[in-house]
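Structure first, commentary second.
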Amino acid sequence: MAGVASPLQYGDPPHLGPFVLQARLRVGPAGLVYLGQGSDGRAVSVAVLTRGAALDPAARDRFVTGIREATASRSGVRGWMARATRGRTAVADAAPQVLAMDGGSAPWVATPYEPDRAGAERFLEPVLVRGTLIGEQHGPDFAPHWISDRSPALPAPPKGAPPPVETRRSVIIAGVVLTVLLVMLAVMAWLLLRSDEEVQPPPKPLPPTMFVPTPPPVPASPEPGQPTTSPSPARSGTGTPGPRPGDEDEGSPI
């Protein structure tokens, strides 16, 4: 782990519980340690698991169990499981005071910050399992699949407050006010339409129809001595006219 404090980076939580995080103290494969400040101004050391370790039920259980055993040992209460596990008891005896913790989906623990003593990083030691769980270390080390993850586990965002619900009385009052406004709007529209109809001038009457009688047509009579035009009769057919006067003396007898 790196022991030099560094500024917060993108992805670090701004606060965990009632503690405001100010800087990074250590970064390890099991979790991250932050320098924080409580509501009373007290400096604290806050350790949170990495995202991969928080998703591993076994790693999360080892972290939370170590915190609870340390809390129980300081209060003078130890269960038979703590007495049976020698290694965990040693960690619990050397663990610092636990100020606050969260064992949810993103578990973390806060302890007092002392520059010359180990703080919350002590609870990250049992998260990584090396060798076997029984007796001394034998064989190759056990490396979990999330050991390369260095992103802190972030708690789920808080649920939003439910939408406000109005009382029955306020709903009735709002309905009555809306009805009155709609009635007033309808009356105003009716008055405007009625006023437009009254202001419009009446249509002008059409002029009366005048009938002027015209005289009947008079046939034109020809002047005396003027021949009248008549259609020329055809030379064939039943309507062929006879000889005209004066044609009797013309020609020679046969």
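For every residue, the table says whether it meets (1) farther than 17 Å from Gly52 by Cα; (2) of a type in the set (Ser, Thr, Tyr); (3) at pLDDT 90 or above.
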residue: Gly104; (1), (2), (3): no, no, no
residue: Ala118; (1), (2), (3): yes, no, no
residue: Arg122; (1), (2), (3): yes, no, yes
residue: Pro126; (1), (2), (3): no, no, no
residue: Gly131; (1), (2), (3): yes, no, no
residue: Pro144; (1), (2), (3): no, no, no
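Just give me the residues in the stretch 1-40 being open to solvent by 30 Å² or more (accessible area, probe 1.4 Å), out of contact with any Gly (no Cβ under 7 Å at 6 or more places or on another chain) and assigned to a strand (DSSP E or B), in sequence order.
Selection gives Ser6, His15, Val27, Leu35, Gln37.
Got at least one residue in the stretch 185-204 being assigned to a loop (DSSP other than H, G, I, E, B) and modelled with pLDDT of 75 or more?
yes
Please list, ordered by first then second residue, the pairs with beta carbon atoms under 8 Å, 6 or more apart or interchain, first in the stretch 3-17 and in contact (Cβ under 8 Å) with a residue 24 or more places away in the chain, second surrounded by 10 or more Cβ atoms within 10 Å (Cβ to Cβ) and in a loop (DSSP other than H, G, I, E, B).
Matching pairs, first to second residue: Gly11/Ser151; Gly11/Leu154; Pro13/Leu154; Pro13/Pro155; Leu16/Pro155.
Do the conditions hold for Val64, that is, is it free of Cβ contacts under 8 Å to residues at least 60 places away in the same chain, surrounded by 13 or more Cβ atoms within 10 Å (Cβ to Cβ) and farther than 20 Å from Glu114 by Cα?
Answer is yes for this residue.
Can you name the number of the only condition in (1) crowded, with 19+ Cβ neighbours inside 10 Å; (2) assigned to a helix (DSSP H, G or I); (3) at pLDDT 70 or above that Ala92 fails?
Answer for Ala92: the failing condition is (3).
The values are calculated or read from the model by the stated rules, or taken from the named source; none is laboratory data. The structure displayed is predicted, hence computed values, not measured ones. Cβ sites come from the backbone with ideal geometry, for glycine too, and all protein chains shown count toward neighbours. We work out accessible area using only protein heavy atoms, side chains counted, and drop any ligands, DNA or RNA first. Shrake-Rupley method; radii C 1.70, N 1.55, O 1.52, S 1.80 Å.
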